[in-house]
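Please read the structure below before turning to the comments.
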Amino acid sequence: MDKELIWADLQRHIVEVLPFLDGSRIDPSARLADLGANSVDRMEIVTLTAESLNSLTPLHELATADRLADLVELLHRKTSVTLKC
Amino acid sequence: MIPVGIEAMNVYGGSAYVDVVELARYRGLDSDRFQNLMLQDKTVALPCEDPVTFAVNAARPLLDGLGADEKSKIELLITCTESGIDFSKSLSTYVHDYLGLGRNCRLFELKQACYAGAAGLQVACNFVLSQVSPGAKALVICSDISRLLLIGDGENLAMDWSFAEPSGGAGGVAMLVGDAPHIFQIDQGASGYYAYEVMDTCRPVPDSEAGDSDLSVMSYLECCRHAFDDYRNRVEGADYLQTFDYLAFHTPFGGMVKGAHRTMLRRLHRLTPAEIEQDFARRVTDGLTFCQRVGNIMGGTLLLALAGIIDRARIEAPKRVGCFSYGSGCASEFFSGVVTPESQRRLQQLRIGAHLDTRLKLSMPEYLELLERGKDVKFGARDVVLDPDMFAAARSKRPGLFLKEIRDFHRQYAWAT
């Protein structure tokens with residue numbers, strides 16, 4: 001899956017959990033905590049994104065991502081492909 | 001096969017507590033997002049309280065309810081803790097002594113972070129099921145305190161704060177395990193396990209905790225998923241939504257349980273947010289009853305959640321409770337059991353909630369003084385005489401065992417009436 005699509009999906013879920021943010025101005029070099037997300041918010045954002053992308057990466061491996069760009073990289077490595085006929 | 005499970009159970013939630021929202025505000029860490037953590041109060045251990053006193057005070061009421069003959073049937077005592085006071089001598093040696101248990105008894109301590117309580121319960125149940133000593137009972141006591149100093153650089157401290165100081169509580173949960181499981185009858189063989197090595201949270205040096213809160217949350221979720229999958233592989237027809245009337249989770253803080261439950265339902269049943277919210281209110285909330293008042297008591301927290309359900313939930317007929325235990329490092333188990341109206345009647349007699357009401361509410365200055373005084377009884381304290389007047393107002397509300405003195409590393413306790 002394209003990293004741009006993953007990034008777009010992540011941004012969408014960040015704004016879903018933190019609606020006070022302007023999605024277009026999220027910096028990929030930021031950390032979720034820098035955006036104002038607490039532990040529960042961070043859990044929600046990561047799990048929602050992983051679910052919508054059908055990520056095959058174990059959740060505790062996704063937790064090793066430091067910045068948003070690192071998370072995109074981890075998600076990119078192991079997403080399942082949905083075959084369309 | 002004979003029935004097995006918890007015959008009697010009690011929770012000791014200490015004698016003093018702090019309002020966690022107030023603590024957060026005092027630390028300057030309150031925010032608009034704080035509410036979704038679902039933190040309320042937490043028990044704070046006095047300097048004259050330690051894991052031995054919490055254990056003994058949890059178990060004492062159970063033993064007072066036994067005749068001498070029944071008490072002599074306790075052949076196994078397991079203390080489950082990550083707050084050990086000695087690298088060799090287990091809490092169970094002191095607990096055995098102050099509870100006046102018979103000498104023909106196995107006793108030892110069990111450690112695997114917050115999984116210890118579930119592990120102890122299952123080991124005890126298997127002892128009973130083995131029938132190597134027919135009629136024998138086991139006493140399993142979870143006991144933990146959070147007299148901790150954080151490890152970590154300044155930047156990480158703020159991030160991990162939501163996982164450490166405001167959630168760490170203190171408490172004891174005692175369970176008499178045998179073949180007359182009035183409180184909770186274990187579904188035999190219905191267990192799913194999931195474990196692997198991960199460095200999420202730990203206590204690598206005495207009186208301290210290190211960790212990565214995000215890693216721990218994610219590891220918890222990963223384990224919840226796979227432990228339940230293992231449970232389903234063993235239990236034909238098991239369904240997360242249909243099989244369990246109630247769900248008890250290891251509860252570091254309420255918000256995490258809500259998130260874990262939400263994640264499970266989204267993955268397994270694709271429920272809408274509104275449906276998930278409804279299910280949480282119906283099947284999970286009762287388990288937060290005591291957890292939100294006492295805080296995270298590590299190995300005993302899952303059993304504290306179970307106690308909350310048995311005490312408060314609607315149990316007009318036998319109900320099946322699904323239980324998930326997670327211990328950092330990590331190890332986890334999903335198991336289940338049945339509770340009945342009799343379970344509720346018996347547990348309510350112990351008036352756990354009413355006893356929590358008697359705790360002294362600490363002001364912030366009192367809480368900070370208590371943290372400071374706690375250093376006098378840090379791990380390895382050799383010779384200490386506890387001031388009997390310190391926090392006397394808290395102690396006077398609760399009769400029970402208190403630490404009186406440490407002499408040449410040996411702990412000496414006294415009963416306060």
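What to note about this one:
- Hits in the stretch B:326-369 - residues which are assigned to a helix (DSSP H, G or I), more than 25 Å from residue B:10 (Cβ to Cβ) and either touching a residue at least 12 places away in the same chain (Cβ under 8 Å) or in contact with a strand residue (DSSP E or B) (Cβ under 9 Å, 6 or more places away or on another chain) (or both): B:364, B:366, B:367
- Residue in the stretch A:19-27 that is more than 10 Å from chain B (Cβ to nearest Cβ), touching a residue at least 40 places away in the same chain (Cβ under 8 Å), of a type in the set (Val, Ile, Thr) and under 17 Å from residue B:214 (Cα atoms) present: no
- Failed criterion for residue B:28 (all others in (1) away from chain A (no Cβ under 14 Å); (2) part of a helix (DSSP H, G or I); (3) free of Cβ contacts under 8 Å to residues at least 40 places away in the same chain hold): (2)
- Within this structure, residue B:394 fails the test of being surrounded by fewer than 17 Cβ atoms within 10 Å (Cβ to Cβ), within 25 Å of residue B:99 (Cα to Cα) and either in contact (Cβ under 8 Å) with a residue 24 or more places away in the chain or among the aromatic types (Phe, Trp, Tyr) (or both).
- All of B:234, B:282, B:262, B:270 fail the test of being surrounded by fewer than 18 Cβ atoms within 10 Å (Cβ to Cβ) and within 14 Å of another protein chain (Cβ to nearest Cβ), apart from B:270.
- In summary, residue B:209 fulfils each of the numbered conditions (1) surrounded by 21 or more Cβ atoms within 10 Å (Cβ to Cβ); (2) among the charged types (D, E, K, R); (3) over 27 Å from residue B:292 (Cβ atoms) with the single exception of condition (3).
- Per the conditions (1) within 18 Å of the chain's Cα centre (by Cα); (2) over 30 Å from residue B:393 (Cβ atoms); (3) within 14 Å of chain A (Cβ to nearest Cβ), the sole criterion not satisfied by residue B:8 is (3).
- Some residue of the stretch B:52-68 being surrounded by 24 or more Cβ atoms within 10 Å (Cβ to Cβ), charged (D, E, K, R) and at pLDDT 95 or above: no
- Unmet requirement for residue A:5, which otherwise passes all of (1) surrounded by 18 or more Cβ atoms within 10 Å (Cβ to Cβ); (2) more than 14 Å from chain B (Cβ to nearest Cβ); (3) of a type outside the set (Phe, Trp, Tyr): (1)
- Subset of the stretch A:13-52 (residues that are part of a loop (DSSP other than H, G, I, E, B) and surrounded by 20 or more Cβ atoms within 10 Å (Cβ to Cβ)): A:32, A:37, A:38
- Tallying residues that are out of contact with any Asp or Glu (no Cβ under 7 Å at 6 or more places or on another chain) and modelled with pLDDT under 95 within the stretch B:152-176 yields 15.
To keep it simple, each residue is scored yes or no on (1) part of a loop (DSSP other than H, G, I, E, B); (2) β-branched (Val, Ile, Thr); (3) without any contact (Cβ under 8 Å) to a residue 24 or more places away in the chain.
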position	(1), (2), (3)
B:257	no, yes, no
B:262	no, no, yes
B:279	no, no, no
B:287	no, no, no
B:303	no, no, no
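- Single unsatisfied condition, residue A:60 versus (1) open to solvent by 30 Å² or more (accessible area, probe 1.4 Å); (2) farther than 22 Å from residue B:226 by Cβ; (3) assigned to a helix (DSSP H, G or I): (2)
- Which listed residue is in contact with a His (Cβ under 7 Å, 6 or more places away or on another chain), aliphatic (A, V, I, L, M) and modelled with pLDDT of 95 or more, from B:356, B:302, B:347: B:302
- Residue in the stretch B:1-34 that is surrounded by the most Cβ atoms within 10 Å (Cβ to Cβ), counting only those that are farther than 30 Å from residue B:123 by Cα and among the aliphatic types (A, V, I, L, M): B:18
- Output for the stretch B:372-412, where each listed residue is assigned to a helix (DSSP H, G or I) and among the acidic types (Asp, Glu): B:372, B:376
- Residues (at pLDDT below 95 and within 7 Å of chain B (Cβ to nearest Cβ)) located in the stretch A:45-58: A:51, A:58
The values are calculated or read from the model by the stated rules, or taken from the named source; none is laboratory data. Given the structure is predicted, the values throughout are model-derived calculations rather than measurements. When we count neighbours, we look across all protein chains shown, and the Cβ atoms used for this are built from the backbone with ideal geometry, even at glycine. Only protein heavy atoms, including side chains, enter the accessible area calculation; ligands, DNA and RNA are left aside. Shrake-Rupley method; radii C 1.70, N 1.55, O 1.52, S 1.80 Å.
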